[in-house]
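Okay, structure first, notes after.
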Amino acid sequence: MTVIAGTTLWTLAFHYPSQGMNLSYIARAGLKGPVWGDPTDCVPAGYPVSPGSTWGVAEQNAWWTECYDNQVGNYSLMNLSEIVFTAVSPSNIPLASIDLEFLCHNFSAGPATTVLLSGSLASMTWFPGATTSPAPNAPTLGYCGSFDARDYGGGAFGTLYNRLGIFVPIQAGVNVLQAGDTFILYVHTPDSVYDPGPPAYGGSIPAGPDSDDYHGAPTWCFITPGACEIKVLYVGSSTQLLADIPIYSISGAGE
């Protein structure tokens, strides 16, 4: 996994003695990493960044091999935060029984709370170099306040979760939560050279290599205390809150 230095913001542990479940994590902000789950943000190695409509046959074939099939091309770097699960007990909690919810609390318009993402960690698993497509039951994005994320990059089928973040296990093929498993959250920051986008998406710099779609959540989600949160829930034989993570606290905005 490729990341570039950031800051560890929180080290937290949640304990539930009555249910016998413990979950600890650390959160890091100020990172930058490739958008592995999005082949449209990849250019074959050795080729310049250019519109796909100008590619020749050789470049198109290289794209299919390097970017779509094997995830070894040059992927766009983006601002990101990461949540690393450092300890979990018991050690046999299935990823299919752990849901991640990204909630937005819009104080200016619309419903008080909207759901941008909701799905199991199993359905959001992406293992760079091995995963070639989202799971059949992969969740799609919804609303974050008044921001409608359903139409970015997904056409009639909706926008898949990997525009917002991906769950990267420390070991491929393991179906339980392990220490070292990481949820990567893309942070859309207007005017960042790592996340270029046209002014319609909130930035003022010219459109760049990533101008085809939107990643992350609206900027206000990351810079407004209390605006957005991630809830990690056990949804097996009962429903239990394992972690409640304010987005502001892991975005680096408060530093």
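What about SER18, is it at pLDDT below 80, assigned to a helix (DSSP H, G or I) and farther than 19 Å from LEU164 by Cα? No, not satisfied. Which residue is nearest to the chain's Cα centre (by Cα), if the candidates are limited to the stretch 214-243 and must be over 18 Å from THR140 (Cβ atoms) and among the aliphatic types (A, V, I, L, M)? Restricting to residues being over 18 Å from THR140 (Cβ atoms) and among the aliphatic types (A, V, I, L, M), the top hit is VAL232. Tell me which residues, restricted to the stretch 28-45, are of a type in the set (Gly, Ala, Ser), at pLDDT 80 or above and out of contact with any Leu (no Cβ under 6 Å at 6 or more places or on another chain). Result: GLY30, ALA45. Filtered by the rule that a residue be at pLDDT below 80 and either under 20 Å from the mean Cα position of the chain (by Cα) or surrounded by 16 or more Cβ atoms within 10 Å (Cβ to Cβ) (or both), the stretch 46-68 gives TYR47, TRP55, TYR68.
Among residues of the stretch 24-38 that are on the phi > 0 side of the Ramachandran plot and in contact (Cβ under 8 Å) with a residue 24 or more places away in the chain, those with a beta-carbon under 7 Å from a residue that is part of a loop (DSSP other than H, G, I, E, B) and not polar (S, T, N, Q) at least six positions away or on a different chain give the pairs GLY30/GLY6; GLY30/GLY252.
For GLY73, state whether it is surrounded by fewer than 17 Cβ atoms within 10 Å (Cβ to Cβ) and free of Cβ contacts under 8 Å to residues at least 60 places away in the same chain. Considered against the rule, which asks whether it is surrounded by fewer than 17 Cβ atoms within 10 Å (Cβ to Cβ) and free of Cβ contacts under 8 Å to residues at least 60 places away in the same chain, GLY73 comes out as no. Taking the stretch 66-110 as the range and being part of a loop (DSSP other than H, G, I, E, B) and among the polar types (S, T, N, Q) as the test, the residues that pass are ASN70, GLN71, SER76, SER91, ASN92, ASN106, SER108.
The values are calculated or read from the model by the stated rules, or taken from the named source; none is laboratory data. Because the structure is predicted, anything quoted here is derived from the model rather than measured. Here the Cβ is made from the backbone with ideal geometry for all residues, glycine too, and neighbour counts use every protein chain on show.
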